[in-house]
1. Please determine, by comparing only the residues of the range 170-191 that are in contact with a strand residue (DSSP E or B) (Cβ under 9 Å, 6 or more places away or on another chain) and assigned to a helix (DSSP H, G or I), which one is nearest to ligand 2 (Cβ to nearest atom).
2. Tell me, please, whether a residue that is assigned by TED's automatic domain parsing to the domain that holds H284, away from ligand 1 (no atom under 12 Å from the Cβ) and part of a loop (DSSP other than H, G, I, E, B) can be found in the range 223-234.
3. What's the number of the only condition in (1) closer than 16 Å to P103 by Cβ; (2) of a type in the set (S, T, Y); (3) modelled with pLDDT under 95 that S136 fails to meet?
4. Since E167 meets every condition but one in (1) away from ligand 2 (no atom under 15 Å from the Cβ); (2) crowded, with 22+ Cβ neighbours inside 10 Å; (3) farther than 21 Å from I241 by Cα, which condition does it not meet?
5. Which condition number does R86 fail, the rest of (1) surrounded by 19 or more Cβ atoms within 10 Å (Cβ to Cβ); (2) under 18 Å from the mean Cα position of the chain (by Cα); (3) not hydrophobic (A, V, I, L, M, F, W, C) being met?
6. Please enumerate the residues belonging to the range 124-146 that are surrounded by fewer than 16 Cβ atoms within 10 Å (Cβ to Cβ) and either in a helix (DSSP H, G or I) or not assigned by TED's automatic domain parsing to the domain that holds G193 (or both).
7. So which pairs qualify, if the first residue must be in the range 310-330 and free of Cβ contacts under 8 Å to residues at least 60 places away in the same chain and in the same structural domain as L127 (by TED's automatic domain parsing), the second must be within 9 Å of ligand 2 (Cβ to nearest atom) and of a type in the set (K, R), the Cβ gap must be under 9 Å, and the two must be at least 6 apart or on different chains?
Amino acid sequence: MIIMHKGATAEQIDAVIDEIKRLGLKADVSKGESITIIGIVGDERIIPFQRLSILTGVKEARMIETPYKLISREYSEYRDNNRIIRVGNVEIGGDKPVYIAGPCAIESRAQLFRIAEEVKKAGAHILRGGIFKPRSSAHSFQGLGAQGNDEALEALSWLHDAGRKYEMPTITEIRGEKQAELIAKFVDILQIGARNMYDQDLLGTVARLNKPVFYKRHFGASVEELLSFSEYIAVEGNKDIILCERGVLPIGKGKNFTRYTLDLGAVPAIQNETYLPVMVDPSHASGRRDLVYPMSCSAIAAGASGLAIEVHYNPAESWVDAAQAITADELERIINVCNHIYSIAAENKKKTAPK
Ligand code: PEP
Ligand code: MN
């Protein structure tokens, strides 16, 4: 990492960038109000810090130990604010909470359009719908995308059209590299599901599609791992990363009352480390529709930038994740109270001393 002097000129900054490129490395420039920080992307063993530190305008050139340098709040131009990720008219990480809603899986055109209309009315901003579903059993419904190329194309075009009709950007999961390019043609935000959090090749491929990435924490991953692996997206030059806490594995023997354990302490902890927005998925985290409301409120109170919620007009009949689906009426109730909590949480955040 290279920290430039306060008064460093544009020419001096360019000269440092040129030198980094000459070494076969990439520069990640973060321009703050008063100082410029240049991150170096590439094999850190070959970085000649000594040589870089004597270039004009350079204040300091040194190795940063943290594995998530590029998304770290400390080494960026972001101090008290987050990176705002803009998709269509929606701002994620800004001064309003953002709600992603829609079915777990797209079942038909009619199902998707009806849910899209309902969630829009309830106040949702972004439309979700799974086409390639990660499932625990090879014998259950894998999403329309798994039925063939034509079915995948059809479902993708429904999602695209429903999003345009109801004026919501769209999101769906990319489960494997071979579907990535096709999905990116139709969808605004690319989701990497919990099970694929560690797939470096998939992360790189999705990052290079140059669309915002909704990146879900694996249910066995530490916060540090989530941040470290996010860096695989950032090194591709894509910092439009929305992190999502969606619950970790529950502990103990016997009956589990929740599908996962929502780790809400992770939300402010992540926010301390990175400027990327953090959202929460209370649906997969709890696995129970009666817990979606209280978990949503708690997530927003903990400082989440928004929520991702599964909605169906006939929850019990959902093809996938029926136990956690809620109606659009319930979503509206959640949005109303969460908007209120968000404004209180934002006020308090300003007063709370950082770590
Ligand atoms: C989903 O959001 O559709 C999903 C499968 O979630 P997760 O990857 O968190 O299990
Ligand atoms: Mn689901």
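The values are calculated or read from the model by the stated rules, or taken from the named source; none is laboratory data. Predicted model only: the values in this text are computed from it and were never measured. As a convention, Cβ positions derive from the backbone with ideal geometry for all residues, glycine included, and neighbour counts pool all protein chains shown.
1. Step by step, filter the range 170-191, then rank; the result is I183.
2. no
3. (1)
4. (2)
5. Result: R86 passes all but (1).
6. A146, the sole residue that qualifies.
7. none
Yes/no matrix, rows are residues, columns are (1) over 30 Å from V187 (Cβ atoms); (2) part of a loop (DSSP other than H, G, I, E, B); (3) of a type in the set (D, E, K, R); (4) out of contact with any Ser or Thr (no Cβ under 8 Å at 6 or more places or on another chain):
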| residue | (1), (2), (3), (4) |
| --- | --- |
| I13 | yes, no, no, no |
| V29 | no, no, no, no |
| S34 | yes, yes, no, yes |
| K69 | no, yes, yes, yes |
